[in-house]
Structure formats: C-alpha cells, structure tokens
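Everything below concerns the one structure shown next.
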Amino acid sequence: MRKLISSIFLVLFLTGCFSSPYVDPNTGSTSISSVEEPEKMEPCNYNSLDGKEIILSKSPKRTANYSQYSASQKEMANSVAQNGFSLINVEPSLYAGNLSIDKYAEMEGKIVDKVEAEYNSAAEKQGVLSTAQFTNYYYKIVLSDCSIAYTNTGVGELLYTPKSVLEDAKKLVGDSVWVDKRKDLNSKEEKNLSHLENVKVISVEPVSYNLSNEYMQNEIISDVILKVKNFKNETVSLPYDDEYYFTENPIEQSWSTEIKYAVQNQEIVIGMTERQVRLSWGQPDDINSTVTAENRDEQWVYGDETERTYLYFENGELTTYQN
C-alpha cells in the first residue's frame, strides 16, 4: 500500500535526506555539504534567458518548538534548514556546497542547460552512480538574482515546481473543492478529511507531494500542495491533482438520503447505480459482463486473491454483493 511521507519527512526528503548520498569509497566516511554562495551570471540578463521556468521549493519550518515531533525529527529538520538545499548545489557535484534555504526558497529560476557531473575520482563517480536515483547529468539553473545553481537530473524535480503549474494551481485559491479519498493517501492529515467533504482552498505551496509505491520508491504525485480548510476550520494539505478532489459537487441532490450517506461514507447499498458505486469505492479491479437480448449483467470485482468482494449489477443497478 502506498504511504504518504508525513510532512516532516517530506521536508527531509525534499531537502536533506540525500545530504549524505553514499559512503566515500576511499575514506569510508560520508559527506554533508555546507551552505555556500553560488557564482553569479555576468552580465545579469535573466529576463532575456530562454529555459523552463521554475520555482524552488518552499522553505521547511524549523521544529525546535514543535512538541508533536520527536527529538530526532526536530534535530533532523533543523539540520536541513541550517545545511541548505542539499540537492541544489553551487557546482554539478553532490559534494559541492548547497544553496541557502533561507535565502533562495521560493525564488524563481530557469533551467538553461544540461551538463555532465563533476567527480574528484573514478571511485567517487562509481559511488554516486551506484545509487539508483542519481544520474551522470545536472540541470544548470539560473535564478532570478542571476545566481547559478545545479541539481542532479535524477532527483531535481523534487526540489522545484514548474512556474506554469504553480500559476494554474493559484487559480483554485478561494474556490471550494470536494475531497476524493478513493485513492488512499494514508497520511497523518487524512483523518482530518472526509470523503467528498467540501473544503476551501486557501493557498498553494511550491512543494512536491510524494507517495512511496509498492517498491518503496518515491513518486511525485503533484508539484504543488493545496492548503485547504476543512469543516473544523483546520488547515490540511491536498496534492494538486484532480484525482484527489472534484471541482464540482459530484453528489446529485436527487439521490436519496440513504444513497448520499453511503457514498460519503464509502459504503455500498442495494439499488446503487454504477456511477454511485464508483463514486464510493472507485474503479473495480475487474469487470465480467454477460449481455443478452433483455439484460446486461455485470460482475465487479474489488480486491486481490487474498480478499475479494463481488458486486452484481443488472442493467446498471446493484442487485447483490458477496465477500
């Protein structure tokens, strides 16, 4: 089952978990780069540059006073904030200095080139490339103040958001969306949201929203996080991806109270239509159909070989189900 990286570990993943990407094959030690000032492009002609427009990720909050985090979580998060963007470097090398988070977070930039990585030795190159997420190339980024930075092409998308995507997401601010929990986010915040709950988008943040897949590899679900207010007036995060929300109320007012309640609570009841079942449980894992001159019968299968539920429809209406 996919698991959402909690907000504290999302910050660590975005900006710090790779600060020691591998053990140096020569010394046996790890390396954590410190913050360094990047070179500046001269002359500074940022506006005339061509390239993909991006925005660096939002700065993580320091957690020294956050009682809900453990001591180790506080120490790691504060270290991340102090050591900078460990995957946005001043040279195309994992051992190069990092950009300051306090200074460069949420700054605009342009990806202007793709360059080969620099290594101090063949052993260092072998050590870097033996880690699956890293490649032999870096994106060269020119920031809006004409600072020059680099990020490895294998992990760079975790550290920035395309400007066009952020601008599109901002159009939702002030609007209502209806939460779609058919895909399990499995986050600590998910308990604060109900299926098809009407929430208001209050802001957007340029931070990648990541889930780990069945192979425990991290996948970017969206380049932007939506901050929404639930019915308790709590601020909760949603990925900017229409698979996790509706922009219009999907529940029809003509439905019976029983059907509305079942759909909102992700339950099924006899008499539901196919659309209502899909809205409650999502797409079935398998569909078996039988069509005659008078009827169209379907068997929908949810689950795998360890636990399956069978739903039976006649002419589009749920007539029976069994586990």
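None of the figures in this text is laboratory data; all of them are computed from the coordinates on show. This structure is a prediction, so every number in the text was calculated from the model and none was measured.
In straight-distance terms, cross-link reach from Lys58 covers every one of the lysines whose alpha-carbon lies under 16 Å from its own, apart from those fewer than eight places away in the same chain; here that gives Lys103, Lys163, Lys170, Lys227.
Which values, in whole Å and largest first, are the semi-axes of the equivalent ellipsoid of region 257-322 obtained as the square root of 5 times each eigenvalue of the Cα gyration tensor? Before the final figure, lay out each step's value.
Working: eigenvalues 73, 52, 15 Å².
Gyration-tensor ellipsoid for region 257-322: 19, 16, 9 Å.
Give me the number: length gained by fully extending Glu234 to Phe246, i.e. 0.36 nm times residue separation minus the C-alpha to C-alpha distance, one decimal in nm. It would help to have the intermediate numbers written out before the result.
Values: separation 12, 0.36 × 12 = 4.32 nm, distance 1.95 nm.
Contour length minus the Cα-Cα distance gives 2.4 nm.
On a per residue basis, the convex hull of the C-alpha atoms belonging to region 209-323 measures out at 163 Å³. Stretching Ser254 away from Ser121 to a fully extended chain increases their span by 40.9 nm, per 0.36 nm per residue minus the current alpha-carbon distance.
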